[in-house]
Amino acid sequence: DAVETEEHYKSRWRSIWIMYLTMFRSSVGFSIVIMSVWPYLQKIDSTADASFLGWIIASYSIGQMVASPLFGLWSNHRPRREPLLVSIAISVAGNCLYAYVHVPHSHNKYYMLTARALVGFGAGNVAVVRSYIAGATSLPERTSAMANTSACQAIGFILGPVFQTCFTLIGEEGVTWEFLCLQLNMYTTPVLFGALLGVTNIILIFTIFREHRVDDMGRQCKSINSEGEENDALDQDTEGNIDHVAVVALNVLFFVILFVFAVFETIATPLTMDMYSWTRKEAVFYNGIILSVIGIESVMVFMVVKMLSKKTGERAILHGGLMIILIGFFILLPWGKKLPNIQWEETKNNSIPRTVPTEMLVPVWSWQEVLSNHTEPVGCPATQSWCLTTPMVYLAQYLSSDVLIGLGYPVCNVMSYTLYSKILGPKPQGVYMGWLTASGSGARILGPVFVSQVYTRLGPRWAFSLICGVIVASLLLLEIVYKRLVAFSVRYGRMEE
């Protein structure tokens, strides 16, 4: 057996920490502009509407979904430094393009769409990051390493909007550098900061990152990606086939987990505006606070599951996480008798405030007229017919659901990645991790589309009932494949479970 030296151990974990940074930078690249995309889009291109905004938001996930298997395949056959550097360079280029989308005289919205797609394409290196961490950790180390990876990703999602908020102090005009045709303002500075993080990431990968690989017992192994760095290490015994039934099942479960969380994120603002008569500003502000608290809760959960998994195992925790999410969405079902406030109720009972012009006393208001008169209708729109018959979701229900989903999602996220990497074992994991990342990206695209259609047309009762049905089906799938979700080395008798 090749015993790991202290220097090898330190170098291995330095490289893993650089992968943590790469994951953090990737998630910051997504979230740092998410609150400012819409006002910036309106400023640079007056032809852009809300539907095009949806394409810009989705372009990140589409780019990541396309790139993940490609970068994963690349990392299986070449040093991982190559796809990592190329992907980060693409992200930096996308951020720089975003900073210059105001320069062209036309079609600015398409340049913004391209910029966000490039940033998402660069984020496809998530598959490379996770496959490297899976190969560079022993079986006892892996759950902790995967939890740390997800925690760095979650922290990036939390801090991205915080950075954006700080950069708003620069203002919309900011400073213009004529010789570079560059405007430093509240919209461009965040992406330039993201580009700076990317350049720092590239330098660290060049100078510190090294290819390392250990087997499930922690012994040094020769890596196909090492370029001779570990020629004296032992080749790992890779005999045996991957259980593809378990692999497909985990891809399906991961899709469901990301799908229901994307639904939860998407539904938060319209649901609270409909049920509690919040204005757009109130809904964004309060839900921003709630999501920030959930993010902090998630980071704490990531730390706890590392210890809990040693006692109960990953499969049991994944089962428990899905049950918690199911309970969270079940609580969201409307149960009472009280109906939400109807947005056009004032029109029917002639109690319109005198500040509203008489020409606006019609069942359907003009948003332009409403906003020009500094009046914003609130409540559940009568155009959504279910508002007239469906009971409201009480605030206590909504907050309880937030807590439960914020608890269950990170548990399922970490356990899915951990089980997946252990099932693949010593086999090259790049492509497999790419497909897992792609399934998650697809879920983040389809989730908002699903909920926007079902919720708008049929209401929360149908939307959340269907989600509960999807989660129940995933629990049944987990029960069917439960005994197959074991580590590669355990399956072939090389280690005890």
Quick one: pull the percentage of alpha-carbon pairs in segment 61-117 with a separation above 20 Å. 36
Putting +1 on Lys and Arg Cβ atoms and -1 on Asp and Glu Cβ atoms, find which of 221, 98, 21 reaches farthest to the positive end of the dipole of segment 1-222. 221
For residue 184, what residues show an amide H to amide H distance below 5 Å, using hydrogens built from the backbone and excluding near sequence neighbours? 175, 176, 177
Along Cα→Cβ, 7 Å out, is where each label goes; now give me the distance between the ones at residue 281 and residue 207 in nm to one decimal. 4.6
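So between residue 89 and residue 17, what do we pick up on full extension, going 0.36 nm a residue minus the alpha carbon distance?
Full-extension gain reported as 24.0 nm.
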Note to self: with every protein chain in place and a 1.4 Å probe, the chain gives an accessible area per residue in Å² of 44
Roughly speaking, to the nearest percent, how much of segment 1-222's 1.4 Å accessible area is carbon and sulfur? 69
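Work out the length of the dipole vector of the chain about its Cα centre, built from +1 on the beta-carbon of each Lys and Arg and -1 on the beta-carbon of each Asp and Glu, and round it to the nearest 20 debye. It would help to have the intermediate numbers written out before the result.
On the way: 35 positive and 36 negative charges, 135 e Å.
I would put it at about 640 debye.
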Kindly rank 21-31, 430-440, 171-181, 378-388 from highest to lowest mean number of other beta carbons found within 10 Å of each residue. 430-440, 21-31, 378-388, 171-181
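Tell me the relative contact order for the chain as a rounded percent, counting alpha carbon contacts under 8 Å between residues six or more apart.
Details: 806 pairs, mean separation 116.6, N = 497.
Relative contact order, the chain: 23 percent.
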Percentage, to the nearest whole number, of Cα pairs in segment 117-192 over 21 Å apart: 51
Long-range HN-HN contacts of residue 342 with modeled amide H, under 5 Å: 380
Out of every Cα-Cα pair in the chain, what percent are more than 43 Å apart? 21
Looking at this model, which pairs from 10/306; 281/338; 306/337 are more than 32 angstrom apart at the alpha-carbon? 306/337
Between residue 5 and residue 303, with labels modelled 7 Å along Cα→Cβ, what's the label distance in nm to one decimal, could you check? 3.5
Distance between modelled label sites at residue 106 and residue 181, nm, 7 Å Cα→Cβ extension: 1.7
For segment 416-432, 3J(HN,Hα) per residue [Karplus equation, 6.51 cos²θ - 1.76 cosθ + 1.60, θ = phi - 60°, Hz, x = Gly/Pro]: 5, 5, 5, 4, 4, 5, 6, 5, 5, x, x, 5, x, 9, x, 5, 4
Show me, for segment 73-80, the HN-Hα J-couplings you get by feeding each phi into the Karplus relation (A = 6.51, B = -1.76, C = 1.60, θ = phi - 60°), rounded to Hz, glycine and proline as x. 5, 4, 5, 6, 10, 10, x, 5
How large is the helix-only mean residue ellipticity at 222 nm for the chain, computed as the sum of -39500 (n - 2.57) over DSSP H runs with n ≥ 4, divided by its residue count, in deg cm²/dmol to the nearest 500? -23000 deg cm²/dmol
Which length gain, in nm to one decimal place, applies between residue 312 and residue 293 when the Cα-Cα distance is subtracted from 0.36 nm times their residue separation? 4.1 nm
For residue 392, the residues 5 or more places away or on another chain with a placed amide H closer than 5 Å to its own amide H are 338, 339
Furthest towards positive pole of dipole, 83, 421, 259, structure part the chain, Cβ charges: 259
Principal axis lengths of segment 28-165 from Cα atoms, whole Å, largest first? 54, 31, 22
Per-residue HN-Hα couplings for segment 298-313, Karplus 6.51 cos²θ - 1.76 cosθ + 1.60 at θ = phi - 60°, whole Hz, x for Gly and Pro? 5, 4, 5, 5, 4, 5, 6, 5, 4, 7, 5, 5, 5, 9, 10, x
Do any cysteines in the chain lack another Cys Cβ under 4.7 Å, and if so which? 96, 152, 166, 181, 221, 412, 468
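The values are calculated or read from the model by the stated rules, or taken from the named source; none is laboratory data. As the structure is a computational prediction, the values presented were derived from the model and not from experiment. Cβ coordinates were reconstructed from backbone atoms using ideal geometry, including for glycine residues, and neighbour counts include every protein chain displayed. With ligands, DNA and RNA removed, areas are computed over all heavy atoms of the protein, side chains included. Shrake-Rupley method; radii C 1.70, N 1.55, O 1.52, S 1.80 Å.
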